[in-house]
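See below for the structure under consideration.
Each value in this text was obtained by applying a stated rule to the coordinates, not by laboratory testing. All figures in this text were calculated on a predicted structure; none of them were measured in a lab. Every residue, glycine as well, gets a Cβ built from its backbone with ideal geometry; the counts of neighbours run over all protein chains shown.
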Amino acid sequence: MSDERKLSDVERIKTASRNLRGTLEESLTDDVTGAIAEDDTQLSKFHGIYQQDDRDIRAERRRQKLEPAYSFMIRARVPGGLCTPAQWLAMDRLARTHANGTLRLTTRQAFQFHGVIKSRLKATVAGINEALLDTLAACGDVNRNVMASPIAAQATAQREVARWADVLSEHLTPQTGAYHEIWLDGARLETDAAEAEPIYGATYLPRKFKMALVIPPINDVDIYTQDLGLIAIIEDGQLVGFNVSVGGGMGMAHGVRETYPMLGQLLGFITPDQAVAVSEAVVTTQRDFGDRSNRKHARLKYTIDDRGIDWFRAEVARRAGVTFAPPRSVTFTQRGDARGWLEDDEGHWHYGLFVENGRIGDTEHQQLLSGLRAVAEVHRGEFRLTGNQNVWIAGVAADQRPVIDDILKAHGIGTGVSGLRLNSMACVGFPTCGLAMAESERYLPELIDAIDEIMIRHGLDDEPIVLRMTGCPNGCARPYAAEIGLVGKSDNHYALFLGGDFEGQRLNRLYRASVAEAELLEILDQLLRQFASGRMGDERFGDFLVRSGVVAPVLHGSEIHEEAA
Amino acid sequence: MSLPVQAPVSPESQHELTALAGGWSADQQLWASGFLAGMAAARGHAAPASAPALKGTVLFGSQSGNGQGVAEALASAGADLGFELRAVNMADYAPARLAREELLFVVVSTHGEGDPPDDAADLWSSLADPTGPRLEQLRYAVLALGDSSYAHYCQTGRDFDERLAARGAQALVPRVECDLEYQEPAEAWRSQVLETLKEEFAPAAAPPRLRAVPASEAYTSARPFPALLEVNQKITGRDSSKDVRHLELSLDGSQIEWEPGDSLGVKIANPASIVDEVLEAADLDGDAVVRLADEETSLRQALTGEREITRLTRPVLERFSGQTDHPDLTAALADSSELAPFLFRHQVVDLLREYPLALDAQTLLDVLSPLAHRAYSIASDAQATGSSVHLTVARLTYEQFGRAHAGAASTSLADAAAGGEIPVFLDPNPRFRLPEDPATPVIMIGPGTGVAPFRAFVQRREAQGASGKNWLFFGDRQRHNDFLYQVDWLRWRKAGLLELDVAFSRDQEDKRYVQHVMAERGAEFYDWLESGAAVYVCGDASRMAPDVDQALTQLVQKHQARGAEAAAEYVQQLKRSGRYKRDVY
Ligand code: SRM
Ligand SMILES: Cc1cc2nc3c(=O)[nH]c(=O)nc-3n(C[C@H](O)[C@H](O)[C@H](O)COP(=O)(O)OP(=O)(O)OC[C@H]3O[C@@H](n4cnc5c(N)ncnc54)[C@H](O)[C@@H]3O)c2cc1C
Ligand SMILES: Cc1cc2nc3c(=O)[nH]c(=O)nc-3n(C[C@H](O)[C@H](O)[C@H](O)COP(=O)(O)O)c2cc1C
Ligand code: SF4
């Protein structure tokens, strides 16, 4: 358990931080800079806050002898993606008054604000808390926003799963009082006793930790990419337990073979009353055995890969005091969200709203921000953020539907979207993400315009294909679990990954290490032509590529680097 | 020729000397004696005078160093003629000595709103005391430095003149008043003074003296050095309401050497846009032929390179008024409290627009005065930047009479392309220097472009490894856009070299300025003063400097806790001891 190797620098900072306080308060009042102290930039993440700078003008600012144009990204945790209209309105207001005028729905069903300057940080975090959401542990080496399928044909199943998402999220939330002290003006809501971190300990986890709950057959949370996945087993509309999947994860580095994505492996089946103990045991096992010396090797997927799934199953079973039953069989059919109106078994209506890359703002053609604000003002149900960066306007009475329809129409929302676009995602990337190597969110829409033309040419107009783009290999839009994965390499250049499946049960494989748009379109043109003529029945694109031998299937994540052709 | 027996040189040297000079004409021998005396003087040995030399004192009261330069030039020219003239800062001169002076020269500028320079304040108040001793024995001359765009033009010089006369002293030559371009009238005054001295007091066997001219003085406003513009970089952010430029100029080949605190005189041609406006307002053709210094040139060329076409001065207004007799102009000229605001409000082009006159090209040229230079604080220390000198230039733009206006020099500089040449000369400011002792703590207050010299200061302190602490107060509109040289200050702060406090007026509801931050940090500020810190202020003269001055006095009063009078005295004492220095404009 203890390791002779030198601890990573973040471990030093965590240890010295007095439960994540560091010098954040001093940093916030230091008015000579828009930044916070270097060590504090690590700690702020635990509070849901990332220091960033506008990379579009980074070089210009350097010439101007001015510090980079610092601002902060704030992530608000929304367990299960459920939020009330009042909360939506609060987020909308903060986006307009304190951030850059947009709201960003994330691939983990959370909200992000971009462009919050230091002097507005406190007010923004306070505003989020007033709305009864928070930012604590939205980032950092802890359990992140707990995802859960936001929609299901059976309403009770959805409610049950949402409740468990809440319970688990609550259970794994850090107890530090630092958050309240710093952001909510000293109002210490926790007692000193609570200050000890019963689950995490003083140095928290070796790395971020992610969990999700899914309701088959729709894998809209990409369950096998999670550190911990609970797959709901529904019988007769009732939740009877979970299949437990562990050790999924996406992040890697280009060409670094020691880093690779993994899909989760099953520990077995548990009953709902065991969910808390098992989740905690997974977390504490990772806490105690995860690699704290090398952050590139610290995720649960490596811990399990290094020691074996059997060892891990035994350790968790011991800690949780459970015996894993054999997993139940489940089937997944898709990952993307449906669009438009959908009725559940209790007669509630839900409107699936496509939000391109999760960015909610107002443009000339479509006023998403204003439109959703207008919806929130009349909506009596709730909003449910999806793992595909979209949102459900959920729980609408039948007679309210026309009202919502009118509002959306008046704001240019809800026009045609191709099957490719609907199943696509791009991470944030430039200009805010400090790790981006190429454009992502700002570029994917126009790239899809071009690919859509090719699709039309091959008669694939509405063929759904899971296409995901990220600005770097960290994989925030889970690109290695896509049929077409584009991962930023350098300006205008992407590594192309092919051959993942539609449902999220097979990783893709590197196909070209670096392509620019022209070459990419040429490759896709050729493969889509083959697909159109050679597919069997309603075979999916990714499956076709594997069956026809264009790419060999990846059986273990570490194979992903081996170029297909 | 045989040398005196008691000559302090060996017989061999005497022999060589005789051999060398034997064949020279009397003139040559006379020159050589001066040359040798000069060599001796340069080593600190004055030639023994055959008769006791006439002694006199050249007092200077100078804020930015102009007056000091004039005073020192007079003293040294006097010495050349055998007069023993000593240039002395008024701050170092005990007023009681006046009673024993026989020959006194006063070179003094005017600052504030007609106030004496800091260093002249004490002497001035003692002279103003009507119960002071009579000065019948005293002959004197006053050179007043000033700027005719101020209401109280050369007020301090006038006051000195008046008080000396009232005490019974007799003027040797009439007072001369100098406007911003002071060099020429100052030289004329010096010649007049020296001529009069020669006439009235036979000089002690005056050996002509060769004096090495420091290279940096070789370049003047009239004869600037063409510096290569290496960098012209806007250093305000893209959303700034201001355009401030960081310029780097190569002085390679000029041998100009500067000290932190000095300014660079820049004499740059007027921008075409302003020349065009002036031509249009005057309804004249730029191609019209005019005579300038006996040569023919086009009006456009003359306005571009030879004339001051933005700033108005009293003489220009007088000449212009002479052409029209417009009651507004006569009124402005008649009332000194009206004049300054009038001159400030109107650029040349405004005068032409508001009081249209059918001037011919030549008359316009003759009404205007020669192109004046502008001073810019040097923002770099040679030890850090080699021979390249950094300036921090704010492009001046403002609205007046419903039109956009621009400043001439700052526009030309801001628009100058790297690779071009900018005519410059050193404008030294010996009154604004870092403390001699590197252990002395330094407090710098420099909002806006006032921060420029402090960049040179801290560079020097860093290079020196100075043990004294440094503290900068900076202010501007927005931190994000207007924090000039932010990266440098942050680096120095991180290195533990700099204490940094800032006030950004537009970053919060209430306007916040450096004086507010000084007050907030008053206790520490006072501690620094008590431990010997020197305070430097640079930047805006009209509002910032008085506000900072007041804040300083108030924080002293609060933390010294001995009342207003003691605080005023404390600050006065800071000035007297050279620990409170200002370079404001
Ligand atoms: C907003 C979001 C992408 C989006 O377009 O929605 C996002 C954005 C960022 N991610 Fe992520 N990640 C987001 C989901 C993911 C996912 C997907 C998921 O969790 O299902 C992954 C892959 C799964 C995984 O963790 O393996 C992911 C893997 C990473 C990694 C790589 C982790 C690794 O183990 O290698 C980093 C970098 C790191 O942690 O060192 C990262 C880091 C980042 C940062 C914070 C960059 C940074 O560290 O400075 C990005 C902020 C960009 C910006 O300007 O907003 N993000 N990130 C997602 C926010 C989710 C949330 O609400 O919590
Ligand atoms: C010792 C010293 C150091 C200096 N250091 C610096 C420095 O480091 N950086 C720097 O940028 N400047 C510095 N200056 C100021 C600089 O010398 C110039 O005065 C400044 O650049 C403006 O010159 P200009 O030729 O652009 O404007 P000008 O053409 O001289 O125009 C100025 C005229 O415009 C009018 N005017 C100006 N402002 C207004 C207004 N708001 N409303 C109405 N009329 C107005 C007035 O008539 C004024 O006379 C310094 C000055 C001194 C004396
Ligand atoms: C802030 C400031 C205020 C001034 N006020 C006056 C004034 O009231 N009257 C005047 O004639 N000159 C005024 N001047 C002009 C100076 O007297 C002039 O620049 C002079 O050449 C400075 O000489 P010095 O360097 O020896 O101090 C002022 C200059 C400055 C920078
Ligand atoms: S994938 Fe890379 S570029 Fe995209 S948001 Fe994540 S860290 Fe940034």
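For the protein assembly as shown, what class follows from the C-alpha gyration tensor (a ≥ b ≥ c being the square roots of its eigenvalues): rounded when a/c is under 1.5, otherwise prolate if a/b is larger than b/c, else oblate?
Working: a/c = 2.70, a/b = 2.42, b/c = 1.12.
Prolate, because a/c is 1.5 or more and a/b exceeds b/c.
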Checklist outcome for this item: Honestly segment B:353-493 on the Cα gyration tensor test (a ≥ b ≥ c root eigenvalues; a/c under 1.5 rounded, otherwise a/b vs b/c for prolate or oblate) is just prolate
Item to check | Phi-based couplings in Hz for segment A:305-313 (Karplus 6.51, -1.76, 1.60; Gly and Pro marked x) | outcome: 4, 6, 9, x, 5, 5, 4, 5, 4
Checklist outcome for this item: Once amide hydrogens are built 1.01 Å from N within the peptide plane, the residues lying 5 or more places from B:Leu292 or on another chain with amide H under 5 Å from its amide H are B:Thr297
Item to check | Long-range amide H partners of A:Ala477 with built H, under 5 Å | outcome: A:Cys427
Item to check | Anisotropy class of segment B:48-151 from Cα gyration tensor, a/c 1.5 cut | outcome: oblate
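Order these by the 10 Å Cβ neighbour count, fewest first: B:Tyr570, B:Tyr580, A:Tyr179.
On the way: B:Tyr570 18, B:Tyr580 22, A:Tyr179 26.
The fewest-first ordering by Cβ neighbours comes to B:Tyr570, B:Tyr580, A:Tyr179.
From largest to smallest, what semi-axes in whole angstrom does segment A:437-506 give when each is the square root of 5 times an eigenvalue of its alpha carbon gyration tensor?
Values: eigenvalues 80, 53, 14 Å².
Result for segment A:437-506: semi-axes of 20, 16, 8 Å.
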Item to check | Euclidean distance of C-alpha centroids, segment A:293-315 and segment A:15-47, integer Å | outcome: 31 Å
Next on the checklist: Can you list residues from other chains, or at least 5 along the same chain, whose modelled amide H is less than 5 Å from the amide H of A:Cys139?
Outcome noted: A:Gly48
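Sum up the charges of everything whose Cβ sits under 14 Å from the Cβ of B:Pro116, counting Lys and Arg as +1 and Asp and Glu as -1, but leave B:Pro116 out.
-2
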Next on the checklist: Given contacts defined as C-alpha pairs under 8 Å and at least six residues apart, what's the relative contact order of chain A, whole-number percent?
Outcome noted: 12 percent
Next on the checklist: Can you sort A:Cys433, B:Cys538 from fewest to most other Cβ atoms within 10 Å of each residue's own Cβ?
Outcome noted: A:Cys433, B:Cys538
Item to check | Alpha-carbon centroid distance for the pair segment A:82-155 / segment B:405-477, whole angstrom | outcome: 46 Å
Item to check | At least 18 Å along the helix axis (C-alpha) and Kyte average at least 0.0, DSSP helices within chain B | outcome: B:26-42, B:66-80
Next on the checklist: Output needed for segment A:338-419: three equivalent-ellipsoid semi-axes, defined as square roots of 5 times the C-alpha gyration tensor eigenvalues, in descending order, whole Å.
Outcome noted: 19, 15, 11
Item to check | 3J(HN,Hα) from dihedral phi, segment B:498-515, Karplus parametrisation 6.51/-1.76/1.60, rounded to Hz, x for glycine, proline | outcome: 9, 8, 10, 10, 10, 9, 10, 5, 10, 8, 8, 4, 7, 5, 10, 10, 3, 5
Checklist outcome for this item: Along segment A:517-527, Karplus-curve 3J(HN,Hα) (6.51, -1.76, 1.60; θ = phi - 60°) to the nearest Hz, with x for Gly and Pro, reads 4, 4, 5, 4, 5, 5, 4, 5, 4, 5, 5
Checklist entry - In whole Å, how far is the Cα centre of segment A:330-373 from that of segment A:502-556? => result 28 Å
Checklist entry - log10 I(q)/I(0), Debye, Cα-only segment A:513-565, no solvent, q = 0.16, 0.18, 0.27, 0.32 Å⁻¹? => result -0.56, -0.69, -1.10, -1.18
Checklist entry - Using the Kirkwood radius built from alpha carbon pairs, what does the Stokes-Einstein equation give as D for chain B at 20 °C and 1.002 mPa s, in µm² per second? => result 81 µm²/s
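Where does the protein assembly as shown land at 222 nm, in deg cm²/dmol rounded to the nearest 500, when only DSSP H runs of n ≥ 4 count, each adding -39500 (n - 2.57), divided by all residues?
Details: 40 runs with 408 residues, N = 1150.
So the helix-based figure for the protein assembly as shown works out to -10500 deg cm²/dmol.
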Checklist entry - Which value, in debye to the nearest 20, gives the size of the charge dipole of the protein assembly as shown about its Cα centre, when Lys and Arg are +1 and Asp and Glu are -1 at the Cβ? => result 2760 debye
Checklist entry - Are there cysteines in chain A with no second cysteine's Cβ under 4.7 Å away, and if so, which? => result A:Cys83, A:Cys139, A:Cys433, A:Cys472
